[in-house]
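Quick notes on the structure that follows.
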Amino acid sequence: MSAPDWLSDAVFYQIFPERFANGDPSLDPEDVVPWDAAPTRENFFGGDLAGIEQNLDHLTSLGVNALYLTPIFEAETNHRYDAVDYFAIDHRLGDLDAFRSLVDAAHRRGIRIVLDAVLNHCGDGHWAFKDVVANGAASEYVNWFSVEGFPIVAHPEPNYRTCSGCYYLPKWNAYNPDVRKHHFDVARYWIDQGIDGWRLDVPYFVNQTFWREFARVVKERSDDLYIVAEEWREPEPWLTGDLADGTMNYTLRDLVLGFTADASIDAFAFAEGMNRLRDRIPEGFRQGMLNLLGSHDTERVLTRHDGDETRALLAYALLFASEGAPMIYYGDEIGMTGANDPDCRAAMVWQEEKWAMGLLEGIRSFSAMRSASAALRRGSQHVSALDADTVLITRMLGSERVMMVVHRGNGVTIDPRQVAELREGEQWRDLQGRPLSALWSVAAEQVLVARHVTGAEE
């Protein structure tokens, strides 16, 4: 197994459905709060699938062609990582017809859809767990979970296994063949509804034998389906050819933000870390890595940069220049701010007068740049440092080489003759095809993109 080919050209966008757009107010719960209210772990804003469909043009304006949705199945919380029915769309988001409409509309625009596979645990309102609570040891589902005593109690400590000790998230017994059948049926059902892949939630809490079988079930439907594992530390265990096509690349995120936001590493450490990370990822899986700067589980990108849009753009330059599929977390592209959960899950701001237009246009330009260059999408990669503040990412494919120069300092002049990746006498141009001068000048906290095509007219 290796990552599907389409991932080389993918630009992802992550949506927390409850907070993106309210397209059908008739679905709003009675306790819905105003769209500009402060987010909490409990409140509902009324975001739904219709709202996503109605705003797909915003995604295409960013060059997005893949969409990752956090859970959408029937649940009791706003985050929906507590599913009570894996075969139903949450009633506050819409229904199966609304989902099919979204899938069709996305596919017409060339946007693929990846759903969240939350198969380590469910919600305590799930029908199987409720049966165990009601019937105890006599329940036919008692071995679907790991229950340590009867009657079942949730407080002060649950007497059943949970996800990270959270009482309302009972853990599935993935060793039970009936549980596996349930989970694999879930995978097949939503693939048959038209999705293009699965993101595996906390897969490190489930044995890999289960995930191997899950991967087999998915890939039997199509080799083109994407499987990406949530992983915060080591990607290698998931890239063995029978588990996943890639992982969420939090290691890359740490390196990028360490350079642009925290100044905890210099360009030399960044280059060493990026090259080491690339060497750790087997060939055939590098394009399957899901590269990100922010998510529903982190502070927002602009917040991490203390509100400095210029430095945030440096981070996005590195993201779009790197091997793997870049992903934008909803609202980060317009400069939304917020600390970690729940602040990073505020409702999307749709008033354009409140958007950080410089940040938005910069991200659009990086996305367009990537789309226009086969080397940036599919080329091999080498990262180096010119000095402590200047990173060079070089991507190479056939006769094309592209170099992204990201400078976080007060300005730098580059003599191409002193750069190992450049050969004397080569004529490099900017992306508009204009020849670059003998000395390359990069202003303070700015980016330079240079392109060379062997044999091109100079």
When (1) buried (at least 24 other Cβ atoms within 10 Å of the Cβ); (2) within 18 Å of the chain's Cα centre (by Cα); (3) not in a loop (DSSP other than H, G, I, E, B) are applied to G294, the one that fails is (3)
Count, please, the residues in region 44-77 that happen to be touching a strand residue (DSSP E or B) at 6+ places or on another chain (Cβ under 8 Å), over 26 Å from P170 (Cβ atoms) and not in a helix (DSSP H, G or I).
5
Residues that are farther than 25 Å from E333 by Cα and out of contact with any Ser or Thr (no Cβ under 8 Å at 6 or more places or on another chain): which strands (runs of 3 or more DSSP E) entirely in region 366-424 hold 2 or more of them?
380-387
Of the residues in region 273-291, those that are assigned to a loop (DSSP other than H, G, I, E, B) and aliphatic (A, V, I, L, M) come to I281, M289
Go through region 122-145 and count every residue that is in contact (Cβ under 8 Å) with a residue 12 or more places away in the chain and either charged (D, E, K, R) or in a loop (DSSP other than H, G, I, E, B) (or both).
6
Residue that is more than 17 Å from the chain's Cα centre (by Cα) and either more than 29 Å from A229 (Cβ to Cβ) or acidic (D, E) (or both), where the choices are N22, N55
N22
Could we say that D85 is among the acidic types (D, E), surrounded by fewer than 24 Cβ atoms within 10 Å (Cβ to Cβ) and not in a strand (DSSP E or B) here?
no
When residues of region 93-102 are limited to those that are surrounded by fewer than 21 Cβ atoms within 10 Å (Cβ to Cβ) and either on the phi > 0 side of the Ramachandran plot or not small (G, A, S) (or both), the one nearest to the chain's Cα centre (by Cα):
R100
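Applying the selection to region 148-200, what residues are acidic (D, E) and surrounded by 14 or more Cβ atoms within 10 Å (Cβ to Cβ)? Explain how you work it out, then say what you get.
Keep residues of region 148-200 that are acidic (D, E), which gives 148, 157, 178, 185, 192, 196.
Once the filter is applied, which keeps residues that are acidic (D, E) and surrounded by 14 or more Cβ atoms within 10 Å (Cβ to Cβ), region 148-200 yields only D196.
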Filter region 351-402 down to the residues that are in contact with a strand residue (DSSP E or B) (Cβ under 9 Å, 6 or more places away or on another chain) and of a type in the set (S, T, N, Q), then identify the one that is surrounded by the fewest Cβ atoms within 10 Å (Cβ to Cβ).
S399
Among the residues listed as A50, A21, A3, A10, the single one being without any contact (Cβ under 8 Å) to a residue 60 or more places away in the chain, buried (at least 16 other Cβ atoms within 10 Å of the Cβ) and under 21 Å from I328 (Cα atoms):
A50
Going by the conditions given, is Q427 over 32 Å from the mean Cα position of the chain (by Cα) and on the phi < 0 side of the Ramachandran plot?
yes
Among R41, R100, which is the only one that is part of a loop (DSSP other than H, G, I, E, B), basic (K, R) and at pLDDT 95 or above?
R41
Could you list all residues from region 138-166 that are among the aromatic types (F, W, Y) and under 18 Å from C122 (Cα atoms)?
Y141, W144, F145, Y160
Which one of these is of a type in the set (G, A, S), in contact with a Cys (Cβ under 9 Å, 6 or more places away or on another chain) and within 29 Å of D341 (Cα to Cα): G273, G294, G288?
G294
Show the residue pairs meeting these rules: Cβ distance below 6 Å; 6+ apart or different chains; first residue within region 420-433 and surrounded by 12 or more Cβ atoms within 10 Å (Cβ to Cβ); second residue small (G, A, S).
W428/A450
Could you count how many residues in region 189-209 are assigned to a helix (DSSP H, G or I) and touching a residue at least 40 places away in the same chain (Cβ under 8 Å)?
4
Please verify whether region 271-286 includes one or more residues that are buried (at least 20 other Cβ atoms within 10 Å of the Cβ), within 20 Å of D332 (Cα to Cα), assigned by TED's automatic domain parsing to the domain that holds P17 and not aliphatic (A, V, I, L, M).
no
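Residues are listed down the side, and each one gets a yes or a no for (1) within 30 Å of G307 (Cβ to Cβ); (2) in contact with a Cys (Cβ under 7 Å, 6 or more places away or on another chain); (3) assigned to a loop (DSSP other than H, G, I, E, B):
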position: A215; (1), (2), (3): no, no, no
position: V228; (1), (2), (3): no, no, no
position: P237; (1), (2), (3): no, no, no
position: A244; (1), (2), (3): no, no, yes
position: L252; (1), (2), (3): yes, no, no
position: L255; (1), (2), (3): yes, no, no
position: D262; (1), (2), (3): yes, no, yes
Restricting attention to region 331-383, report how many residues are small (G, A, S) and under 25 Å from R41 (Cα atoms).
6
Qualifying residues in region 297-327 (those that are polar (S, T, N, Q) and part of a helix (DSSP H, G or I)) - the one surrounded by the most Cβ atoms within 10 Å (Cβ to Cβ)
T303
Anything in region 255-270 that is buried (at least 17 other Cβ atoms within 10 Å of the Cβ) and free of Cβ contacts under 8 Å to residues at least 12 places away in the same chain? List them, or say none.
I265
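The values are calculated or read from the model by the stated rules, or taken from the named source; none is laboratory data. Remember, it's a predicted structure, so these values are computed and weren't measured experimentally. Cβ atoms come from the backbone with ideal geometry, glycine included; neighbour counts cover every protein chain shown.
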